[in-house]
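Have a look at the structure below before the remarks.
The values are calculated or read from the model by the stated rules, or taken from the named source; none is laboratory data. Fair warning: this is a prediction, and the values are worked out from it, not measured in the lab. Positions of Cβ are generated from backbone atoms using ideal geometry, with glycine treated the same way; all protein chains shown enter the neighbour counts.
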Amino acid sequence: MRSRAIFGCSGPVLEAAERDFFRDAQPWGFILFGRNVRDRHQVRLLVDSLRETLGDAHAPVLIDQEGGRVARLKPPEWHLRPPAAQFGELHAKAPETAGEAAYLNARLMAADLAELGINVDCLPVLDVPVAGAHDIIGDRAFAADPPVIIELGRAVIAGLVDGGVLPVMKHMPGHGRALADSHFDLPRVSTPREELSTSDFVTFRSLNTCPMGMTAHVVYETIDPNRPATLSPRVIREVIRGEIAFEGLLLTDDVSMSALSGPISARAKAALFAGCDVVLHCNGQMAEMKEVAGEAKPLEGLPLKRAEQALGHLITPDAFDPAGAEARLNELLAA
């Protein structure tokens, strides 16, 4: 039986110790980073090697391929896609075509991923940025206007799904007000809940049928002043599953990030207790992965149902003309 964990690996080739560990731990899936990427052939072999440890040719393999500064697949081997904010800027000038451009961009990224066997992209970013916030979100957000984010986010979700790749909306219930980078520090947001409800939460609520979602390592002081969303039963129960009404598979953001404190095993245990379905651990460090594996219980019950439903959204893509899509996208962006 698979466990409630997603793991990274240390480099471009699966090491023997990693192979043995994954066979024993049986995580639900894997995630790739820049350290795992050299070229198309190598990535495809790595993806196949990871899946072989689980005996599952369709096991989830994730990546953060957003475009802009968050892209694990880079030139010259792959196209550098625009950041989300470029589509928001296009929307301000040509709202009638911005959605088409966002769709085509996502569909082209999905084609790149599917060629490698990668079937999950941690995208779209649905955070609503505010003036003065840390730029960890910045141009990764489409715009500061929730209706624009919703429209473009919906187009990205459609583009990925049509390309045979599952989307993961992030970072619930909203990272746009954070004054710190959660990779290094724990952001705290003191905004009244009523204001969060009418702004930050709206984008996720409007796209709550997305198959998968990711939590934010952010403390929302007016909801739970003691725990970040990832570790907060109240935020997950009242906001993510309640107000946002998200019923899909809920992943943690990377539990090895410095926003969280304490032993990795305690972080994993707290996240699962709070209501996350799957723990995401990204850095590929074996000692930490073993700690997470010790707390990542078997995937069963409601988390298993959500995982199966998410994978049920995977389709075989229809015929697609990448060159034609690229030309049309360039035309829209130039206009």
Item to check | Checklist (1) surrounded by fewer than 24 Cβ atoms within 10 Å (Cβ to Cβ); (2) under 24 Å from Gln86 (Cα atoms); (3) touching a helix residue (DSSP H, G or I) at 6+ places or on another chain (Cβ under 9 Å) applied to Ile136, failing item | outcome: (3)
Item to check | Members of segment 150-190 that are among the hydroxyl-bearing types (Ser, Thr, Tyr) and buried (at least 22 other Cβ atoms within 10 Å of the Cβ) | outcome: Ser182
Next on the checklist: Out of the residues in segment 191-247 meeting the condition of being under 17 Å from Val128 (Cα atoms) and among the small types (Gly, Ala, Ser), tell me which one is surrounded by the most Cβ atoms within 10 Å (Cβ to Cβ).
Outcome noted: Ala229
Next on the checklist: Suppose we filter Leu108, Leu80, Leu90, Leu104 for residues that are in a loop (DSSP other than H, G, I, E, B), hydrophobic (A, V, I, L, M, F, W, C) and within 23 Å of Ala335 (Cα to Cα); which single one remains?
Outcome noted: Leu80
Checklist entry - So which helices (runs of 4 or more DSSP H) stay within segment 244-335 end to end and still have 1 or more residues that are of a type in the set (Lys, Arg), in contact (Cβ under 8 Å) with a residue 60 or more places away in the chain and out of contact with any Ser or Thr (no Cβ under 8 Å at 6 or more places or on another chain)? => result 286-295, 322-334
Checklist entry - Where residues in segment 16-55 are out of contact with any Lys or Arg (no Cβ under 7 Å at 6 or more places or on another chain), among the hydrophobic types (A, V, I, L, M, F, W, C) and more than 26 Å from Leu299 (Cα to Cα), which of them is surrounded by the most Cβ atoms within 10 Å (Cβ to Cβ)? => result Val43
Next on the checklist: Considering only segment 228-243, I want to know if a residue exists there that is part of a strand (DSSP E or B) and at pLDDT 95 or above.
Outcome noted: yes
Checklist entry - Residue check: is Ala92 among the aliphatic types (A, V, I, L, M), touching a Gly at 6+ places or on another chain (Cβ under 6 Å) and either under 17 Å from Leu73 (Cβ atoms) or surrounded by fewer than 24 Cβ atoms within 10 Å (Cβ to Cβ) (or both)? => result no
Checklist entry - Only one of these conditions is not met by Pro12: (1) farther than 20 Å from Ala293 by Cβ; (2) in contact (Cβ under 8 Å) with a residue 12 or more places away in the chain; (3) loosely packed, with under 15 Cβ neighbours inside 10 Å; (4) not hydroxyl-bearing (Ser, Thr, Tyr). Which number is it? => result (3)
Checklist entry - If only one of Asp277, Asp321, Asp253 is crowded, with 20+ Cβ neighbours inside 10 Å and either over 22 Å from the mean Cα position of the chain (by Cα) or under 30 Å from Ala92 (Cβ atoms) (or both), which one is it? => result Asp253
